[in-house]
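Worksheet: the structure to be examined is printed underneath.
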Amino acid sequence: MKRLALFAGALALAAPAFAVPQTYVIDNNHTFPSFSYSHFGYTVQTSRFNKTSGRVVLDPDARTGSVDVVIDTLSVDTGSPQFNEHIQGTDFLDTSRYPTATFQSTAVTFDGDRPVAIDGNLTLKGVTRPVSLKVTGYQRMAHPMVKKEAIGANATTTVKRTEFNAGKYAPYVGDDVTINIAIEAIRE
């Protein structure tokens, strides 16, 4: 019996460690989704949202993950209080009826232990459409200030605003909207 217990203990020590998915909470102070579009062909205008929450779950060893993001559309920041109100109106974000936009992943694609694409559903103004985010940067390491593991990524996609019932002035104001998200999250 003693030999069996020693053998089982040795076997347990020799078995490879199994990775466990880790949950990271979005750091609202360092996560800013932004969007840009052509303004009558004169310029490319860029605005951002100042309040974002959510979670990221990653298991780089198993190459699995999930991303859930909630954007407070009332926090839209165009650089102009008057234009913020315009963008929050019924022609665009309609924040009185839809105070949040969400992204929920359906698949995360990895290259080695790094996520390179995230497919999911974007819900904006009550409309849900599939989108694919291209991950253009990724970092996972101990955060030097909070002393916990953290992740950071930049990701981008382009959507048609007319598909989300926000097409006022299209095509003069560009229908294609590029969404960029700079996200940082701290391990729970």
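Take residue 179 and decide whether it is under 20 Å from residue 51 (Cβ atoms), within 12 Å of the chain's Cα centre (by Cα), β-branched (Val, Ile, Thr) and not in a helix (DSSP H, G or I). Spelling it out, residue 179 is indeed under 20 Å from residue 51 (Cβ atoms), within 12 Å of the chain's Cα centre (by Cα), β-branched (Val, Ile, Thr) and not in a helix (DSSP H, G or I). The set of residues from segment 30-50 being loosely packed, with under 13 Cβ neighbours inside 10 Å, at negative phi and either in contact (Cβ under 8 Å) with a residue 60 or more places away in the chain or in a strand (DSSP E or B) (or both) comprises 43, 44. Assess whether residue 95 counts as being in contact with a strand residue (DSSP E or B) (Cβ under 7 Å, 6 or more places away or on another chain), among the β-branched types (Val, Ile, Thr) and surrounded by 12 or more Cβ atoms within 10 Å (Cβ to Cβ). Considered against the rule, which asks whether it is in contact with a strand residue (DSSP E or B) (Cβ under 7 Å, 6 or more places away or on another chain), among the β-branched types (Val, Ile, Thr) and surrounded by 12 or more Cβ atoms within 10 Å (Cβ to Cβ), residue 95 comes out as no. Residues of segment 68-109 that are hydrophobic (A, V, I, L, M, F, W, C), outside any loop (DSSP other than H, G, I, E, B) and under 16 Å from residue 165 (Cα atoms): 87, 101. Taken across segment 108-129, residues that are free of Cβ contacts under 8 Å to residues at least 24 places away in the same chain, within 21 Å of residue 44 (Cα to Cα) and not aromatic (Phe, Trp, Tyr) do not occur at all. Is it true that residue 185 is hydrophobic (A, V, I, L, M, F, W, C), assigned to a loop (DSSP other than H, G, I, E, B) and buried (at least 18 other Cβ atoms within 10 Å of the Cβ)? The answer is no for residue 185. Scanning segment 110-150 for residues that are more than 27 Å from residue 35 (Cβ to Cβ) and not small (Gly, Ala, Ser) yields 113, 141, 143, 144, 145, 146, 147, 148, 149.
Can you tell me which residue in segment 130-145 is nearest to residue 184 (Cα to Cα), limited to those that are among the hydrophobic types (A, V, I, L, M, F, W, C) and touching a residue at least 12 places away in the same chain (Cβ under 8 Å)? Only one residue fits best here, namely 135. Could you tell me whether residue 169 is at pLDDT 95 or above and not in a strand (DSSP E or B)? Yes, satisfied.
The values are calculated or read from the model by the stated rules, or taken from the named source; none is laboratory data. What you are looking at is a predicted structure, and each value in this text was computed from that prediction instead of being measured. Cβ coordinates were reconstructed from backbone atoms using ideal geometry, including for glycine residues, and neighbour counts include every protein chain displayed.
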